[in-house]
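The values are calculated or read from the model by the stated rules, or taken from the named source; none is laboratory data. If you're wondering where the values come from, they're calculated on a predicted model, not measured in any experiment. Note that we place each Cβ from the backbone using ideal geometry, even for glycine, and neighbour counts take in every protein chain shown. Only protein heavy atoms, including side chains, enter the accessible area calculation; ligands, DNA and RNA are left aside. Shrake-Rupley method; radii C 1.70, N 1.55, O 1.52, S 1.80 Å.
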Amino acid sequence: MRDVTVSEVGPRDGLQMVKAVVPTATKIRLIEALHAAGLPEIEVGSFVPPKLVPQMADTEEVTRHATTLPGLHVAVLVPNLRGAEAAVAAGAHKITLTLSASEAHSRANLRRTREEQMQVAREVAAHVTARQGRRPMLEAGLSTAFGCSIQGEVPERDVVDMAAALAAAGFDSVGLSDTSGYANPAQVRRLVRAVKAEIGEKCDSLHLHDTMGLGMANVTVGVEEGIRIFDAALAGLGGCPFAPNASGNIVTEDLVFLLESLGLRTGVDLEALVAARRILQEALPGEPLHGNYARAGRPTGWKTAA
Ligand code: ZN
């Protein structure tokens, strides 16, 4: 039984930022270890042009393998219709189309205006929802929803309006992404409430970075406001090549520790998760690994949620 879904994005958000191209076999080993640790959902890669992001060139192969792991919800990121078509063909269970709430980030990251990307979103939704029988779950990931390191403030009205348009276009869910890591707890509460007022339960996930060290405080508020899916990366890898000065994702190990401490069952085995860090350590010897739980170890007498 699970009260909250921890969605591991390290193989995508994490590995896209490291200089080395991690071999496919190592990625698969990592995904298998994360799955064995009980993570219910893993974002295994992104269908982006390999010329732009060579670290993701093997996403099709990695996706196909991941879908053979029992019970795993396999998620992928896509920037456009072509990526969505490839994701559907590879058998992904969840497709996240990325859009930016910030005009400046949209142009830098996607080379499209927000309106152009919204048109792409409508095409992707039409393509995926037209499928007969089983179709992947379709999520819109709203980048820079809490602020942008290029343009600064992102008006909350813009985020709410985009979320409403995406829900109307047929997206099953709209995730709010703090790409730059600027969010604070009061803002998370305000924005989640505003978006939920517009699209209800379709506002169900948060993607947080820990640039200002407020990631876990933001999670706590997200839980209070009814968010039930949280993205995180093993050892806090990650970032966005077009969000200068952003640091890594919130740390999966610390997220699980927080959620279980709050009495929310994650289904994740923390010690197995910590052990999986070794795969990263070996594959990326120069990369700093983050995480308080891994450093401090299990507090004396601490128990997971019953
Ligand atoms: Zn991210």
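Inside region 88-105, can you point out the residues that are of a type in the set (D, E, K, R) and crowded, with 19+ Cβ neighbours inside 10 Å? Step through it out loud before you land on a result.
Initially, region 88-105 is screened for residues of a type in the set (D, E, K, R), giving 94, 103.
The one that is of a type in the set (D, E, K, R) and crowded, with 19+ Cβ neighbours inside 10 Å: Lys94.
In summary, helices (runs of 4 or more DSSP H) completely within region 176-276 and bearing 1 or more residues that are in contact with a Cys (Cβ under 7 Å, 6 or more places away or on another chain) and among the β-branched types (Val, Ile, Thr) occur at 185-199.
Restricting region 277-298 to residues that are open to solvent by 80 Å² or more (accessible area, probe 1.4 Å) and assigned to a loop (DSSP other than H, G, I, E, B) leaves a set whose member that is modelled with the highest pLDDT is Arg298.
Put simply, of Thr129, Thr113 the only residue that is touching a Lys or Arg at 6+ places or on another chain (Cβ under 8 Å), at pLDDT below 95 and not small (Gly, Ala, Ser) is Thr129.
Does any residue of region 226-234 turn out to be more than 15 Å from the ligand (Cβ to nearest atom) and either over 21 Å from Val268 (Cα atoms) or open to solvent by 10 Å² or more (accessible area, probe 1.4 Å) (or both)? Working first, answer last.
Narrowing region 226-234 to residues more than 15 Å from the ligand (Cβ to nearest atom): 226-228.
Restricting the remaining residues to those that are either over 21 Å from Val268 (Cα atoms) or open to solvent by 10 Å² or more (accessible area, probe 1.4 Å) (or both) gives 226, 228.
There is at least one residue in region 226-234 that is more than 15 Å from the ligand (Cβ to nearest atom) and either over 21 Å from Val268 (Cα atoms) or open to solvent by 10 Å² or more (accessible area, probe 1.4 Å) (or both).
Just to be sure before I move on: is Ala108 small (Gly, Ala, Ser) and either open to solvent by less than 10 Å² (accessible area, probe 1.4 Å) or free of Cβ contacts under 8 Å to residues at least 40 places away in the same chain (or both) in the structure I sent? So Ala108 fails the test.
Quick one: Gln187 ticks every box in (1) polar (S, T, N, Q); (2) away from the ligand (no atom under 16 Å from the Cβ); (3) under 16 Å from the mean Cα position of the chain (by Cα) except a single one, so which number is it? Checking Gln187 against (1) polar (S, T, N, Q); (2) away from the ligand (no atom under 16 Å from the Cβ); (3) under 16 Å from the mean Cα position of the chain (by Cα), the one that fails is (3). Answer yes or no as to whether Gly222 is within 12 Å of the ligand (Cβ to nearest atom), in contact (Cβ under 8 Å) with a residue 24 or more places away in the chain and open to solvent by less than 10 Å² (accessible area, probe 1.4 Å). It is false that Gly222 is within 12 Å of the ligand (Cβ to nearest atom), in contact (Cβ under 8 Å) with a residue 24 or more places away in the chain and open to solvent by less than 10 Å² (accessible area, probe 1.4 Å). Considering only region 299-306, I want to know if a residue exists there that is within 21 Å of Glu224 (Cβ to Cβ) and either within 21 Å of the chain's Cα centre (by Cα) or open to solvent by 80 Å² or more (accessible area, probe 1.4 Å) (or both). Within region 299-306 (the criterion being within 21 Å of Glu224 (Cβ to Cβ) and either within 21 Å of the chain's Cα centre (by Cα) or open to solvent by 80 Å² or more (accessible area, probe 1.4 Å) (or both)), the answer is yes, since at least one residue qualifies. Here Leu206 does not fit the description of being open to solvent by less than 30 Å² (accessible area, probe 1.4 Å) and farther than 22 Å from Leu255 by Cβ.
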